[in-house]
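Notes for the one structure printed next.
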Ligand SMILES: Cc1ncc(C[n+]2csc(CCOP(=O)(O)OP(=O)(O)O)c2C)c(N)n1
């Protein structure tokens, strides 16, 4: 099948205009920008550490998907619970996870969140209302539906949100979890990151459906489609979904169209992706395009951009140093806490 036949080519994916931008507070917009820059900077540092042989396991990049993570998480309150997957570094940072916690995990530190048992991004923090990613694709969906059910049972005004890839959405747990959430009208939001590839499999080989959002209809739940690199549009559709969830109207499936700008992990050179696709999506880079819009709206200028860059650079340096200063995990304690006593 030719790689030009893109499934999601229709223009029904929501995006925002300059008028939409003006409806928002400048401080809020700069906050989105700053968190995307933080995500890119940390992601870039982790990629470099991997290439220097400093990490203990793999490295999965969020590059190109920063706006999707930051924009969607910005629609939540801090007491809402998120379940990030491997491309959601931006969600973790936006929800309050300190950079050093991420780095300590990647570096296998004894006092990192998994104490060296996982060497990448598979950790959570109940203190920050973050549930750990589950490696088995889509398994987090029934888990997060369960989190949403607990809110309903305890009459807590909170929402559970998680993300899934286009590939992960073909696994049974996706359907079971979403059906369960629909039947019980759970305060649950699922964002499907259609980043064009599941490892080396393009989306044409993943589903015969016209898009991914239409699957919601089968479960009687709301859906929307959004340009995943338009951070503000992602924020707005997620906000609507979160409000529906809080109002008792049940779950929403959001399909966000984006592009995975690296291989599956950094060891994968992604040679199977046509260069033109990377070139096309590079022009839609979520940070560069948002910066451009903020500049046009006179919210961002060289001085503010430099200040943010300098602060973020200092944060990454300081947090990396902190993580390196921690003791490495001792293999003698490898299976401590793996099983309940
Ligand atoms: C149930 C299950 N099957 C297979 C895998 C192996 N696997 C890990 S990631 C991946 C591709 C995921 O693609 P997608 O969901 O589109 O997310 P992306 O990596 O593109 O962000 C596969 C097949 C797995 N982790 N779990």
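The values are calculated or read from the model by the stated rules, or taken from the named source; none is laboratory data. The shown structure was predicted, so the numbers you read here are calculated from the model rather than taken from an experiment. Note that we place each Cβ from the backbone using ideal geometry, even for glycine, and neighbour counts take in every protein chain shown.
Hey, among 198, 160, 138, 132, which residue is modelled with pLDDT of 95 or more, under 25 Å from residue 99 (Cα atoms) and within 16 Å of the ligand (Cβ to nearest atom)? Full working, then the answer.
On the way: 198 fails: under 25 Å from residue 99 (Cα atoms); 160 fails: within 16 Å of the ligand (Cβ to nearest atom); 138 fails: under 25 Å from residue 99 (Cα atoms).
Unique residue meeting the criteria: 132.
Let me spell it out: the conditions are (1) touching a helix residue (DSSP H, G or I) at 6+ places or on another chain (Cβ under 8 Å); (2) within 16 Å of the ligand (Cβ to nearest atom), and residue 205 meets all of them except one. Which number is the exception?
(1)
Exactly one of these conditions fails for residue 230: (1) free of Cβ contacts under 8 Å to residues at least 12 places away in the same chain; (2) in contact with a strand residue (DSSP E or B) (Cβ under 9 Å, 6 or more places away or on another chain). Give me its number.
(1)
So which residues in the range 179-226 are part of a helix (DSSP H, G or I), touching a strand residue (DSSP E or B) at 6+ places or on another chain (Cβ under 6 Å) and surrounded by fewer than 22 Cβ atoms within 10 Å (Cβ to Cβ)? Break it down stepwise before answering.
Quick first cut of the range 179-226, residues part of a helix (DSSP H, G or I) only: 179-183, 203-205, 213-219.
Keeping just the survivors that are touching a strand residue (DSSP E or B) at 6+ places or on another chain (Cβ under 6 Å) gives 181, 213, 216.
Result: 216, single match.
Scan the range 235-253 and give yes if some residue there is surrounded by 22 or more Cβ atoms within 10 Å (Cβ to Cβ) and within 17 Å of residue 64 (Cα to Cα), otherwise no.
Checked the range 235-253: at least one residue is surrounded by 22 or more Cβ atoms within 10 Å (Cβ to Cβ) and within 17 Å of residue 64 (Cα to Cα).
State whether the residues of the range 235-252 include one that is in contact (Cβ under 8 Å) with a residue 24 or more places away in the chain and within 16 Å of the ligand (Cβ to nearest atom).
There is no residue in the range 235-252 that is in contact (Cβ under 8 Å) with a residue 24 or more places away in the chain and within 16 Å of the ligand (Cβ to nearest atom).
Quick one: which of 208, 160 is within 18 Å of the chain's Cα centre (by Cα) and under 29 Å from residue 261 (Cβ atoms)?
Matching residue, one of 208, 160: 160.
Which of the residues that make up the range 152-167 are outside any helix (DSSP H, G or I) and surrounded by fewer than 18 Cβ atoms within 10 Å (Cβ to Cβ)?
154, 155, 156, 157
State yes or no: is residue 149 at pLDDT 95 or above and either crowded, with 21+ Cβ neighbours inside 10 Å or over 22 Å from residue 247 (Cα atoms) (or both)?
Numbers: at pLDDT 95 or above: yes; either crowded, with 21+ Cβ neighbours inside 10 Å or over 22 Å from residue 247 (Cα atoms) (or both): no.
Answer is no for this residue.
Against the definition (over 18 Å from residue 338 (Cβ atoms) and either touching a residue at least 40 places away in the same chain (Cβ under 8 Å) or within 16 Å of the ligand (Cβ to nearest atom) (or both)), how does residue 145 come out, yes or no? Reasoning before the result, please.
On the way: over 18 Å from residue 338 (Cβ atoms): yes; either touching a residue at least 40 places away in the same chain (Cβ under 8 Å) or within 16 Å of the ligand (Cβ to nearest atom) (or both): yes.
Yes: the conditions hold for residue 145.
Please pick out the residue among 71, 58, 108, 31 that is under 23 Å from residue 138 (Cβ atoms), away from the ligand (no atom under 16 Å from the Cβ) and either surrounded by 14 or more Cβ atoms within 10 Å (Cβ to Cβ) or within 18 Å of the chain's Cα centre (by Cα) (or both).
Within the list 71, 58, 108, 31, the selection yields 71.
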